[in-house]
Each structure stands twice: as structure tokens, then as C-alpha cells.
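Report on one structure; see the data block that follows.
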Amino acid sequence: MIDTFACVFQRDLSLAFRRKGEALNTLVFFVIVTSLFPLGVGAEPNLLREIAPGILWVAALLAALLSLNRLFEPDYADGTLEQLALVSEPFPIIVMAKIAAHWVMTGLPLSLLAPVIALQFDLPGGTIWLLFLTLLIGTPVLSLLGAIAAALTLGLRGGGVLSALLVLPLYIPLLIFGAGAAGAASAGLGGHAHLFLIGAFLLVSGAISPWATASALRIAMD
Amino acid sequence: MTSTSKPHEKPSNQAAASAIPPGTRWFKYASPQTFYGPAGKLAPWFAVLSALLCVAGLYVGLFLAPTDAQQGDSYRIIFIHVPAAWMSMFIYLVMAAWAAVGLVLNTRLSSMMASALAPTGAMFTFIALWTGALWGKPTWGTWWVWDARLTSELILLFLYFGFMALQAAIDDPRRADRAGAILALVGVINVPIIYYSVKWWNTLHQGASVSLKSAPTMAMIMFVGMMLVALSFWMYTIAVTLLRVRCLILERERNTDWAAQWVPGARGVQT
């Protein structure tokens, strides 16, 4: 099973690296959206410092949403997904490998770029570190939950907006705890509880999402 | 439960006389055709029951229950708000259960029940949120606050909308059934979060006054009124769901012989 995971993971990464531009699109979108907020709410430093974690998290959410259509659609369009479903290895393992590759191409660069963006909002060092950790642990959850919605809406007309509608209610608890970690830290309570909860989300979605996504893909491909 | 055992069949173990006759058809009413008639006969009874219970509950709530010491008479919206919130969570659980049954047993009618429940569940969620806002303004001073219970109830509304939107977007009804079932099951985790949110977080919303384990901490007459309206909403849900599932049955089975009498001219119509 580990061989299958490694094989599919490597395949998806190679394919993604051939079109580096698409991964960069997600990053650039993230940067642009975070720039929109100061332009919209005004550049007052105290206000921006307070809402920065929330802005970064919402931008990460939206960037993850937009990148979801690259997860299954290309393979579905050329028939590879059906072949992967027919393989004797468990389909959830293959799905998990695809989700992991998706995270490496979208969530991981986003988390690494977030501290730089956080400097634009004049966040203190400790908060930036906490924010980076919450994004690092939380962006895989975005990929995992988003995969369920992407699988449910595979091949549908208007699938992009529909999958956003389906997955945003599931993202909301993650957003609350991810963005709340920095707020709790600056209030002196420490962000550890929030980090543990996000870790719990990661474990639960890591356990359930590949299985649910595989079922949804089989339903979509019937 | 009708027994249709054939005359030449013998029970395999005579010593263990079961109360259930051999050859019992457990899934008789799992067929849309068989369920269509009884659903139509049952629905009016539930509707009448719902109307009576509603009148009784509102009479207790609006006329018999005393004025609250702290909130005056504005608290009386509790008799709509709390039953609606209870129903919104309960209907989601029932919807997810039917969707799971349809997914596992591959029965069409179970998935149709899930689809029939969704609009009523969304309606009660909206009523809970709306009446909550109407109540919050005079008592808390604000229409809305982003605390745990209100936010998770709002998420529940979005989950209902997502379920209905997904089913509407898929043309093939069987694929729509199964995809909706997965979505409903993934979202069912939200219901315990709503229910326990007032215990886990210190929020502006009132804590639990009604519990299964101890006596309610509110005046008994108020509790009685709330329960009557809750039962009324439950009967209403059953009545409306039965009627709605009849419409779904006709829509999906319109090309069969038995449905042709109800949908004249459907056969041969290109859709």
C-alpha cells in the first residue's frame, strides 16, 4: 500500500511540476486577496494587526477552493481516474496520495508564504510563528475536506461554485479555530488549545475523508 | 406486517417458534408503488394532529404561562423558537439516517425520504434563526451575535442548502441520491456540535434548561407548552414529508404503468 501511495504521489507531483504556472496561480491569488483587505477596510495599522490572522485564513480558504478543480477533473477527463478506480489496491489510498500531492502544491507553499504576508500586516514575531503553524496543520484539512466536495461535484455543470457552497460550511469550524489561535495568544491565553484542536481536525479528516472521497468518486463515475 | 408464506414451505426449526411468521415481507413498504397509497392516507391524520397540538401548545404558551420575571412577555417566542431549533437538528439526523439506509440498502424510497425531509428541515432552521434574532433584539440588544450556537445553527442551514443544491445539480436521480447521502453523512457531525455548543463554550446564548436526565429548570407550564408545540412541529413534519415524498415518487416513477393513472399523459412525453 505504501508503494501505491508513493507511486501515485510521485506521479501527481511530476504532472503538477510540468505546469508550475498553475501552482503559482494559487499563490498569486492568495497574495492578491490578502492585499484587497487593507485596501477595502482602510490601512489603519492597529485594525490590520487585529484582523490579519482572519484575513490570511480566509484567503487561504479561498485559494484552496479555487485550486480544487485541479484535483480530480484532469484525470477524470482523460479516463485515468477510472483506471485508478479499477486497480486492485484500495482506492482510498490512491485518493489520499492525490490529496497529499495537492497539498504539497497548494497548501504547503501557501503556509510558507504566509509569514511574509504577515509582515505586511505588522504582526509580531510570536504571532507570525503561531499563524504559520496553524496554517501548516490546517491547510491539509482544507485539501482533505475540499476533496470530498470536488469528488461529489465531479463533472457537473457549475461545479466550481457548487463545490464551494458544499465545502465552506465544513471549513467554518477550522477557520474559527485557525484564526482564533492568534487572537487567543495575543489575549494571553496561548494558542496551544487551538493548535491541538486543528490537529484533531487533521486526524479526523485524514481518517474519514479518503474513504468518503473514494465513495463519492465511485458514485460520480458510475 | 402481512405474511405471504407458501403452503409447501415448512419452518426449518420447529422447536424455536418465532413470533415472526416465516416468509414475512420486511421490505413491503420499501417499494414506491406500495408506499404511495398508505402515505396519502396517513398524511391527513398527522396534519390534523399537528393542528390540534399547535393550538393547544400556543394556548398554553400565550395565555396560560405566566409572565417571566426577567424578560416580561417577550420570552413567549420561546414556544416557537425552541421547538423549531429542536426540529431542525432532529430532521437533519432523520434525513442523514434515511440517506444512509438508501446508500447501504440501495433502496430508492429511502433516498426519496431524505430528499423530502430536506426542505422542511431548512425551513425550521430558518425559523429558529429568525425567531432567535427577533428575541435577541429586545433581550440582548442585538439581532445577531457570532457565538457558538448561532454560528453552528447557521452552518446547519448552509448544510441543508448544500444538500438541496447538490441534488438539484445532478440530473441522474440515483447518482443524486448517493452523492447527497455522502454529503448528509459528512455534515451530520455538526448536529452534536450545535447541541453541545452551549455546554462547551461560555456563550451569550442561554445554557441548556431542558435535559433528558433531570427535571427542567424552567416553570413546568412553560415546559408543557414547549413540548406541545414541539410535538405539533413533529407531526407537521411527518405530514408534509409524506405528501412531498408522494410527489417525488410520482416524479420519478412517472413512466411506470401504475403511476400513469395519477400522471395522465406522462407516458411518451419527452423530458
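The values are calculated or read from the model by the stated rules, or taken from the named source; none is laboratory data. Because the structure is a prediction, the values reported are computed rather than measured. Here the Cβ is made from the backbone with ideal geometry for all residues, glycine too, and neighbour counts use every protein chain on show.
Looking at the stretch B:147-167 only, could you name the residues that are assigned to a helix (DSSP H, G or I), more than 9 Å from chain A (Cβ to nearest Cβ) and of a type outside the set (Lys, Arg)?
First, the residues of the stretch B:147-167 that are assigned to a helix (DSSP H, G or I): B:148-167.
Remaining after also requiring more than 9 Å from chain A (Cβ to nearest Cβ): B:149-150, B:153, B:160, B:164, B:167.
B:Leu150, B:Glu153, B:Tyr160, B:Met164, B:Gln167, listed by residue number.
Taking A:Ile176, is it within 11 Å of another protein chain (Cβ to nearest Cβ), in a helix (DSSP H, G or I) and modelled with pLDDT under 90? I'd like the intermediate steps shown before the answer.
Working: within 11 Å of another protein chain (Cβ to nearest Cβ): yes; in a helix (DSSP H, G or I): yes; modelled with pLDDT under 90: yes.
So A:Ile176 passes the test.
Confirm whether B:Gly136 is closer than 30 Å to A:Tyr171 by Cα, surrounded by fewer than 17 Cβ atoms within 10 Å (Cβ to Cβ) and among the small types (Gly, Ala, Ser). Spell out how you get there, then give the answer.
Values: closer than 30 Å to A:Tyr171 by Cα: yes; surrounded by fewer than 17 Cβ atoms within 10 Å (Cβ to Cβ): no; among the small types (Gly, Ala, Ser): yes.
No.
State the number of residues belonging to the stretch A:181-214 that are surrounded by 21 or more Cβ atoms within 10 Å (Cβ to Cβ) and without any contact (Cβ under 8 Å) to a residue 40 or more places away in the chain.
Adding up the residues that qualify gives 0.
Scan the stretch B:170-185 for residues that are out of contact with any Gly (no Cβ under 7 Å at 6 or more places or on another chain), surrounded by 21 or more Cβ atoms within 10 Å (Cβ to Cβ) and at the interface with another protein chain (Cβ under 9 Å from one of its Cβ atoms) and jot them down. Working first, answer last.
Of all residues in the stretch B:170-185, those out of contact with any Gly (no Cβ under 7 Å at 6 or more places or on another chain) come to B:170-176, B:178-180, B:182, B:184-185.
Imposing the further condition that a residue be surrounded by 21 or more Cβ atoms within 10 Å (Cβ to Cβ) reduces the set to B:170, B:178-180, B:182, B:184.
Once the filter is applied, which keeps residues that are out of contact with any Gly (no Cβ under 7 Å at 6 or more places or on another chain), surrounded by 21 or more Cβ atoms within 10 Å (Cβ to Cβ) and at the interface with another protein chain (Cβ under 9 Å from one of its Cβ atoms), the stretch B:170-185 yields B:Ile170, B:Arg178, B:Ala179, B:Gly180, B:Ile182.
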